[in-house]
1. What accessible area per residue, rounded to a whole number of Å², is obtained for the stretch 42-191 using a probe radius of 1.4 Å?
2. Would you mind telling me which residue in Ala24, Ala163, Ala75 has the biggest mean-square fluctuation in a Gaussian network model of the chain, where springs connect alpha carbons within a distance under 10 angstrom?
3. Just to confirm the number: angle between the C-alpha axis of helix 18-43 and the first principal axis of the chain, 0 to 90 degrees, nearest 10?
4. Given the options Glu165, Glu132, Glu157, which has the most mean-square fluctuation in a GNM of the chain, springs set between C-alpha atoms less than 10 angstrom apart?
5. Quote the FRET efficiency, to the nearest 0.05, computed for Ser184 versus Ala162 with a Förster distance R0 of 22 Å and r equal to the Cβ-Cβ distance.
6. In degrees between 0 and 90, to the nearest 10, how far off the longest principal axis of the chain does helix 3-13 point, with axes built from Cα atoms?
7. Quick check: Cα centre of the stretch 102-142 to Cα centre of the stretch 47-68, how many Å?
8. Test of understanding: what is the full-extension gain from Gln176 to Ile51, defined as 0.36 nm times their sequence separation minus their Cα-Cα distance?
Amino acid sequence: MSAFMRHAVRRETHSARSGLSAFAAIAITVLALYGLLEMALAAVGEPAWLIDPMSAAEWIAGLPGGSSPILLGAAGVFAALVGLVFLGHGLLPGRRARHVLADPRVAIVVDDEVIAAALAKSARMAAGVTREQVVVVISARVVQVNIRPTSGIRISEGDIKAAVEGQLEAMALDPQPSVMVNLSDSGVIGV
């Protein structure tokens, strides 16, 4: 796969990180414009719109004197959580619900819902149940097949797992997820 195709695949399988950055930039810009408005009002001798800039600066400089320790602690925890959200958003990979099909000539990116539908059909055929009795959930590393069998009819977990794994091998997904099959304890009335 060429460098251009690798870049295109990465762009399609990972989410952009610019949304939170744009939100932070807009919030800082709004706060700065509000600060300029208050400073301009103070410069021409008008009363403050919301908070007098000098009073706010004196209050911040005088912290923690006269403030509730619980309130200051809560503000600190809130600031730390916001910082952790920004740090996590910046450092952790943003993965979209998509997988890559291995092909040497073309970059093929498939949505996980499409893969889940194909795997659900394979599981449904192997189990001999209806469409409503099979639910497939896909993550980056695991395919979870949940089946509610028809009451009174035994189905083989191994056969279902083999059918789903065979379908996954035929798809040649990257990364290749592992398969877990969960058979429900309660069955449904046959259709």
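1. Each residue of the stretch 42-191 exposes 66 Å² on average to a 1.4 Å probe.
2. Ala75
3. 10 degrees
4. Between Glu165, Glu132, Glu157, it is Glu132 that shows the largest mean-square fluctuation.
5. Here the calculated transfer efficiency is 0.65.
6. For 3-13 against the chain, the angle is about 80 degrees.
7. Spelled out, the Cα-based centre of one part sits 59 Å from the other.
8. That works out to 39.3 nm of additional length.
The values are calculated or read from the model by the stated rules, or taken from the named source; none is laboratory data. Remember, it's a predicted structure, so these values are computed and weren't measured experimentally. Cβ sites come from the backbone with ideal geometry, for glycine too, and all protein chains shown count toward neighbours. In case anyone asks, the SASA skips ligands and DNA or RNA and just uses the protein heavy atoms, side chains included. Shrake-Rupley method; radii C 1.70, N 1.55, O 1.52, S 1.80 Å.
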